[in-house]
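Written out below as structure tokens is the structure these notes cover.
The values are calculated or read from the model by the stated rules, or taken from the named source; none is laboratory data. Remember, it's a predicted structure, so these values are computed and weren't measured experimentally. FYI the Cβ positions are ideal-geometry reconstructions off the backbone, even for glycines, and counts take in every protein chain you see.
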Amino acid sequence: MGASASKPRIAITGVGVVSSLGIGAETYYQGLRMGKSGAVVKDTWTEEGLDKAFFYPCPEINIKDYFQDLKAPFPQRYSQLAMMGCQTAVRSAGLENSEIPNDRIGLLLNTSLAANAAVENYLEKLFRDGPQKASPFEFTKTVSNTALGDVTRYYKFRGASSLLLGENSVTYGYDLLRNNEADIIICGGFDEIRDILMLSYEANDHLVGCHPDGELTAGQLLLKALEREGMEDKTVIGEAASFVVLEKLEHAKARGAGIIAEVVNYHTESDHSYQRFIFERNEETFASVMKESLEHARLQPADIDCVVGASCLPWQYNNYEGKAIEELWGEGEVYFTTVKPMIGETFGASGQSSLVAAAMMMKNREVLGHGLPEKHFHQGKTRVNAPEKTVESVDLRHVMVNSIHSGGNTTSIILRNPNL
């Protein structure tokens, strides 16, 4: 993963997001910069045992409105989210109707929950009616890489492709491009959230408690909930499909593509200690991953102007990520933000969602606010500026983007501003 003069430089030339803030990366980014929360208080569940809960849903989509030439039978919603996210990224990168050979365009997808709706339906039929009633056709829908097939068939990508489970597809895409396996790799992450997942988190006391007040929005209710004690081990859940288009820098320049950011390098490590709660990490892992990513990029902490964090709620920052930042930065200064308070923990989409925000922050010369009062973020010897609201007119040279994955890995990716 170390830098090499013989290896091509890698750029981000397109971004796409479908989230609780809407459809499209620009809609997503403007929602974040305005401090908009995608949260709703949901009380219509199919599973017993769930009352009112914070949830960040993607908008309802009629797939035919966006893919007019798509023929029935239509993909399941799991695949539709991936197709929508990919479409917005492809358009952002100017790849629609391009003359680039399809065998030089690859597709990497990451999901943590896979085709869970199809699995639920198949198992329910199997256990209720017996094996003789379980349809082999329905079983094919349960395979995790159905989404990879649906997206690839529609766009006719023939380059390197793979489905990852609980990892970061951008790091794999970076390696493939550096090794000349493709000219463009579209890297996506997505997950459909089902009621049974919410029930599991509620049963294990991992959801932030929701106490509705008719005068308050869901976002305001969440802020009120954070004032209560006992927030550790709790999270808020959302769904999203987030994509970035990685491209060899020289290839992008040759076709006149816009360069949003450059991926300098990254580092990934398995968690140093097992945690029973997948979003629970430790200071040692965060510090090690960030330190190694800096070394691979041949940078010092002082070269990083902002960290876009993996923490969803302040307890994670205060217990792990913030302590690791303090260990590396010492008495230095750095911005910190996270998108998750406004879109929730989106599992397979979380890494790309943060990366899209980071790249667009550099382009727009600003640091996004995280929407939470700064008092929730403990201050140590490092001067960490964790703004509640967006700070404008900030030139960001390098941004570090951290992500945590249900596969057990923590990842740190460093972006460079192509305009500085």
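Determine if the stretch 385-396 includes at least one residue that is among the polar types (S, T, N, Q) and out of contact with any helix residue (DSSP H, G or I) (no Cβ under 8 Å at 6 or more places or on another chain). Yes, the conditions are met somewhere in the stretch 385-396.
For the criterion of being in contact with a Phe, Trp or Tyr (Cβ under 6 Å, 6 or more places away or on another chain) and either crowded, with 21+ Cβ neighbours inside 10 Å or of a type outside the set (D, E, K, R) (or both), residue 167 fails.
The residue of the stretch 302-329 that is farthest from residue 273 (Cα to Cα), among those that are aliphatic (A, V, I, L, M) and not in a helix (DSSP H, G or I), is 304. The single condition among (1) surrounded by fewer than 18 Cβ atoms within 10 Å (Cβ to Cβ); (2) touching a Cys at 6+ places or on another chain (Cβ under 7 Å) that residue 213 does not satisfy is (2). The number of residues in the stretch 123-148 that are without any contact (Cβ under 8 Å) to a residue 24 or more places away in the chain and among the small types (Gly, Ala, Ser) comes to 3. Counting only strands (runs of 3 or more DSSP E) wholly contained in the stretch 335-416, the ones carrying 2 or more residues that are out of contact with any Pro (no Cβ under 8 Å at 6 or more places or on another chain), of a type outside the set (Lys, Arg) and surrounded by fewer than 24 Cβ atoms within 10 Å (Cβ to Cβ) occupy 383-385, 409-416. Residue count for the stretch 27-79, restricted to those that are closer than 22 Å to residue 146 by Cβ, crowded, with 17+ Cβ neighbours inside 10 Å and among the small types (Gly, Ala, Ser): 1. Scanning the stretch 24-61 for residues that are of a type in the set (Ser, Thr, Tyr) and assigned to a loop (DSSP other than H, G, I, E, B) yields 37, 44, 46. State yes or no: is residue 54 assigned by TED's automatic domain parsing to the domain that holds residue 235 and touching a Cys at 6+ places or on another chain (Cβ under 6 Å)? Against the criterion (assigned by TED's automatic domain parsing to the domain that holds residue 235 and touching a Cys at 6+ places or on another chain (Cβ under 6 Å)), residue 54 qualifies.
Conditions tested, residue by residue: (1) outside the structural domain of residue 52 (by TED's automatic domain parsing); (2) charged (D, E, K, R); (3) within 21 Å of residue 239 (Cα to Cα); (4) under 20 Å from the mean Cα position of the chain (by Cα).
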{"site": "151", "(1), (2), (3), (4)": "no, no, yes, yes"}
{"site": "155", "(1), (2), (3), (4)": "no, no, no, no"}
{"site": "159", "(1), (2), (3), (4)": "no, no, no, no"}
{"site": "191", "(1), (2), (3), (4)": "no, yes, yes, yes"}
{"site": "194", "(1), (2), (3), (4)": "no, yes, yes, yes"}
{"site": "201", "(1), (2), (3), (4)": "no, no, yes, yes"}
{"site": "208", "(1), (2), (3), (4)": "no, no, yes, no"}
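Of all residues in the stretch 253-272, at least one satisfies being in contact with a helix residue (DSSP H, G or I) (Cβ under 8 Å, 6 or more places away or on another chain), free of Cβ contacts under 8 Å to residues at least 40 places away in the same chain and not small (Gly, Ala, Ser).
Determine whether the stretch 104-111 contains at least one residue that is more than 23 Å from the chain's Cα centre (by Cα) and either not in a helix (DSSP H, G or I) or not hydroxyl-bearing (Ser, Thr, Tyr) (or both).
Filtering the stretch 104-111 down to residues more than 23 Å from the chain's Cα centre (by Cα) leaves 104.
Still in the list and also either not in a helix (DSSP H, G or I) or not hydroxyl-bearing (Ser, Thr, Tyr) (or both): 104.
Checking the stretch 104-111: at least one residue is more than 23 Å from the chain's Cα centre (by Cα) and either not in a helix (DSSP H, G or I) or not hydroxyl-bearing (Ser, Thr, Tyr) (or both).
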